[in-house]
Amino acid sequence: MHRPSRHTTVKDMKQRIILISILILGLAGCRMPDNSRKQIFRYNESAGIATLDPAFAKDQSLIWGCTQLYNGLVRLDEQLQPQPCIASKWTISPDGKTYTFTLRTDVLFHKTPLFGTADSTRRVVAEDFVYSFGRITDPATASPGRWVFRDVDTFVAPDDTTLIIRLKQPFSPFLSVLGMMYCSVVPREVVEHYGTDFRQHPCGTGPFYMQMWKENVKLVLRRNNQYFEKDSLGRPLPYLDAVAITFIVDKQTNFLEFVKGNLDFMNSLDASYKDELLTRTGQLKAKYADRIDMISTPFLNTEYLGFRMEGATSPLSDRRIRQAINYGFDREKMMRYLRNGIGAPGCGGMVPQGLPGFDSVSGYGYSYNPSKAAQLLAEAGYPHGKGLPTITLSTISAYLDLCKYIQQQLGLLGMDIKVDVNPPAALREQIAQGKSSWFRGSWIADYPDAENYLSLFYSPNRCPVGSNYTRYANRQYDRLYDRAKKTTSDTERIALYHTMDSLIMQEAPVVVLYYDQVLHFTHKNVHGLRSNAMNNLDLRYVTIEK
């Protein structure tokens, strides 16, 4: 019997190993999914995502994530008007207190074994909304959205397709409020099974479902093939196969990844790259204009500096000093050089552009007027700032450039301003405890109605109970606010809003800096991205050319 030599055997073995390796790689290649033709929308969320439970969706990063996973009765369109979603239609009683919704019958929750089998689901019924809303109002849930239903008396589901909500008093913006993420429908079976871990095991009705989430690294959402909405031609939504979200904290790195094409979308503007990307007038620089699109709309976000009114000590207790600060710096120049023209100077009231309560010809508000500022300082007993104590402005690092600009401008009037930089969490705590006499703030609309901004000065909302961070209190203002909430006349309500906004500007508990602007950047092969003045991220109609 012929026996091969040791040398031949080793050679043959090496050849066999190579052949087997090639075969294994080939088979592995066959098994690996080919994503080259998949439409995967990639974006980065620098702020991170702490939860995918809509009961806690209070920040933009959480709202964007939950928007892809959940639906409510209504949604706000690009003009901020409530449109049908899970509710196909509704009626409102003449007294404005009873809302009756008729639900669609083709809305299914995402598949989960908790519905019975490994690949099962079930239809959404009216009782699911009663449970979901009750969960928000339950103190045990500790949802930051509990206030949403403060004016609600009862939720009733007389049958599977009818939901009745009764209010304690009329509240005209209520339909818009129902468009918030807090008002999303969730299934009792899944929520009660996971408890607090529902944040990691989301189950909704949205256009995407969660496939994988490695916290602080990557979140992958896949297309929900049983999603109920279709486009105008009857094609099922969404068009995308998946959404991939990364969590790079550094904004400059985020920008570089976008420019290299590793991300399809970038939101907003950061000081680390604004001059690289935009001209002084807010246009894309020529080297990017042929490969990047910029979508811009007004943003319901008012950036401001707030004074603590309750227990205020001299000099900020004097309205003339607060007014002098308002007159003492050039907002137009600030926007041009520090914001590259993005946003509008805050020369009006707290209500921003884009809302019916904004009055473009109001006559109230503040523009740069150093002579008026000097006059007010003199009237308050501090001519040219002489004898005026140092005033501390508390801010965060992201707004340091704006605050230093204001410091420099007010210094020309003789005012000694100290800028105190704090971590965001520390500043929020200072404001809540009333330890900051002058602080940086911003208010992004929860829902598109001027009442949301004016509620910041309603005395029962005084911090730490509510969002009246300045602790402003004025009986006349409170009476106007109560009237505006109860009226069912749009004309009367908007007139009251204007009166309230003008009163706030006269009293000057805030310095309005600017009204913000939504900026969305995409590559030229991304189409169909929808947004609105609430800076929503609607991916249902997005397509990506390959």
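Structural remarks
- Test: residue in segment 186-202 that is outside the structural domain of MET534 (by TED's automatic domain parsing), in contact with a Phe, Trp or Tyr (Cβ under 6 Å, 6 or more places away or on another chain) and of a type in the set (Gly, Ala, Ser): no
- Hits in segment 503-546 - residues which are of a type in the set (Gly, Ala, Ser) and at pLDDT below 95: SER531, ALA533
- Within segment 255-297, the set of residues being among the aromatic types (Phe, Trp, Tyr) and assigned to a helix (DSSP H, G or I) comprises PHE255, PHE258, TYR288.
- The residues on offer are VAL156, VAL125, and the sole one that is more than 28 Å from the chain's Cα centre (by Cα), without any contact (Cβ under 8 Å) to a residue 60 or more places away in the chain and surrounded by 18 or more Cβ atoms within 10 Å (Cβ to Cβ) is VAL125.
- Among the residues making up segment 80-122, those that are among the charged types (D, E, K, R) and in contact with a helix residue (DSSP H, G or I) (Cβ under 9 Å, 6 or more places away or on another chain) are ASP119, ARG122.
- The set of residues in segment 45-72 that are surrounded by fewer than 22 Cβ atoms within 10 Å (Cβ to Cβ) and among the polar types (S, T, N, Q) comprises SER46, THR51, GLN60, SER61.
- The condition of being hydrophobic (A, V, I, L, M, F, W, C) and not assigned by TED's automatic domain parsing to the domain that holds GLY328 holds for only one of LEU513, LEU454, LEU480, LEU537, that being LEU537.
- Among residues of segment 404-432 that are in contact (Cβ under 8 Å) with a residue 24 or more places away in the chain, those with a Cβ under 7 angstrom from a residue that is of a type in the set (D, E, K, R) and in a helix (DSSP H, G or I), sequence gap 6+ or separate chain, pair up as VAL419/LYS404.
- Test for THR121: is it touching a His at 6+ places or on another chain (Cβ under 8 Å) and either within 28 Å of ASN44 (Cα to Cα) or assigned to a loop (DSSP other than H, G, I, E, B) (or both): yes
- The set of residues from segment 500-513 being outside any loop (DSSP other than H, G, I, E, B) and either among the small types (Gly, Ala, Ser) or buried (at least 17 other Cβ atoms within 10 Å of the Cβ) (or both) comprises MET500, ASP501, SER502, LEU503, ILE504, MET505, GLU507, VAL510, VAL511, VAL512, LEU513.
- Complete set of residues in segment 459-473 that are at pLDDT below 95 and among the hydroxyl-bearing types (Ser, Thr, Tyr): SER467
- Scanning segment 116-136 for residues that are modelled with pLDDT under 95 and of a type outside the set (D, E, K, R) yields GLY116, THR117, ALA118, SER120.
- Candidate set: segment 364-403, residues that are in a loop (DSSP other than H, G, I, E, B) and without any contact (Cβ under 8 Å) to a residue 24 or more places away in the chain; chosen: the one surrounded by the fewest Cβ atoms within 10 Å (Cβ to Cβ): GLY387
- Enumeration of residues in segment 131-153 that are surrounded by 14 or more Cβ atoms within 10 Å (Cβ to Cβ), over 18 Å from GLY72 (Cα atoms) and in contact with a strand residue (DSSP E or B) (Cβ under 6 Å, 6 or more places away or on another chain): ASP151
- Residue pairs whose Cβ atoms lie under 7 Å apart, separated by 6 or more positions or on different chains, with the first residue in segment 262-287 and over 23 Å from VAL243 (Cβ atoms) and the second part of a loop (DSSP other than H, G, I, E, B) and basic (Lys, Arg), are LEU277/LYS285; LEU278/LYS285; THR279/LYS285.
- The condition (being out of contact with any strand residue (DSSP E or B) (no Cβ under 8 Å at 6 or more places or on another chain) and acidic (Asp, Glu)) is satisfied by just one residue among ASP77, ASP95: ASP95.
- Test: residue in segment 481-490 that is at pLDDT 95 or above, aromatic (Phe, Trp, Tyr) and over 19 Å from PRO356 (Cβ atoms): no
- LEU456 falls short on exactly one of the conditions (1) modelled with pLDDT under 95; (2) touching a strand residue (DSSP E or B) at 6+ places or on another chain (Cβ under 6 Å); (3) under 26 Å from LEU76 (Cα atoms), and that condition is (1).
- Residue in segment 43-63 that is touching a residue at least 12 places away in the same chain (Cβ under 8 Å) and under 20 Å from ILE164 (Cα atoms) present: no
The values are calculated or read from the model by the stated rules, or taken from the named source; none is laboratory data. Computed from a predicted structure; not experimentally measured. Neighbour counts run over all protein chains shown; Cβ positions are idealised from the backbone, glycine included.
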